[in-house]
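Everything below concerns the one structure shown next.
Throughout, read-outs are computed from the coordinates displayed, never taken from laboratory work. The structure presented is a predicted model; accordingly, all values stated were derived computationally and were not measured. Please note: Cβ atoms are built from the backbone with ideal geometry, for glycine as well, and neighbour counts cover all protein chains shown.
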Amino acid sequence: MSSLTPEEIAQLRKAQKRRFILALVLGTIMAILGYFAGQKLAGGDTNGAGAVHTDAAITAVMGERTPTAADFERTE
């Protein structure tokens, strides 16, 4: 079994530090994007266009009749 030389250990620690900083930066970016995506899904953006659908939006898609539970049942 061979052991690592001090130069190899220094090289591995340098790579470890570089990868840690990269992961920290990318994690911060993902957290910020996740925050804004959550705000949009919750309807907290400034124009009020959230992911909440009203009955009016459903009836506009399905026509003039109000959808029933049978419209949403699986047919598999």
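Full-extension gain between residue 70 and residue 17, please, as 0.36 nm times their residue separation minus the C-alpha to C-alpha distance. Kindly include the intermediate steps, with their values, before the conclusion.
Details: separation 53, 0.36 × 53 = 19.08 nm, distance 5.74 nm.
Here the segment from residue 70 to residue 17 would lengthen by 13.3 nm.
Could you calculate the FRET efficiency of residue 35 with residue 7 from 1/(1 + (r/R0)^6), where r is the beta carbon distance between them and R0 is 35 Å, rounded to 0.05? Don't jump to the answer; show the numbers that get you there.
Numbers: r = 43 Å, r/R0 = 1.22.
FRET efficiency, residue 35 to residue 7: 0.25.
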